[in-house]
Amino acid sequence: MNYDDKLIEEIKKRFTKQKNTLYWVRIVYQRYSKQLNIFFEYAKIGMATHSEQIGRYVESEKDRMPELAKRIKKETNVNVELGDFRWI
């Protein structure tokens, strides 16, 4: 099992499908640490958003993040937000 598989399993474990709750995954590039961080985020409607870091990739993997986002969406049915990587 590779790191992508472990990440998807972690998302499946956290995606509990509770009423009135929104779930999504956010992939963010931190330019100062030169890392890509993966966050699992959820919020009950009308409440604050909760964000938990569930993964980290090195900067050299940024080109494959759109592919990973599609795989996460397909296998978990959770929406994925990709950060704007154009300025990297």
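Select from region 57-88 the residues that are of a type in the set (Lys, Arg) and either in a helix (DSSP H, G or I) or within 10 Å of the chain's Cα centre (by Cα) (or both) and write down the one among them that is surrounded by the most Cβ atoms within 10 Å (Cβ to Cβ). Before the answer, list the steps.
Going through region 57-88, the residues of a type in the set (Lys, Arg) turn out to be 62, 64, 70-71, 73-74, 86.
Checking which are either in a helix (DSSP H, G or I) or within 10 Å of the chain's Cα centre (by Cα) (or both) leaves us with 62, 64, 70-71, 73-74.
Values: LYS62: 18, ARG64: 13, LYS70: 11, ARG71: 16, LYS73: 13, LYS74: 9.
By that ranking, first place goes to LYS62.
Since ILE38 meets every condition but one in (1) surrounded by 16 or more Cβ atoms within 10 Å (Cβ to Cβ); (2) touching a residue at least 40 places away in the same chain (Cβ under 8 Å), which condition does it not meet?
(2)
Just one of the numbered conditions (1) assigned to a strand (DSSP E or B); (2) without any contact (Cβ under 8 Å) to a residue 24 or more places away in the chain; (3) open to solvent by 70 Å² or more (accessible area, probe 1.4 Å) is not true of ARG26; which one?
ARG26 satisfies every listed condition except (2).
The values are calculated or read from the model by the stated rules, or taken from the named source; none is laboratory data. Source: prediction; values computed, not measured. Methodologically, a virtual Cβ is constructed for each residue, glycine included, from the backbone with ideal geometry; neighbour enumeration extends over all protein chains shown. The area values use the complete protein model at the heavy-atom level, side chains included, leaving out ligands, DNA and RNA. Shrake-Rupley method; radii C 1.70, N 1.55, O 1.52, S 1.80 Å.
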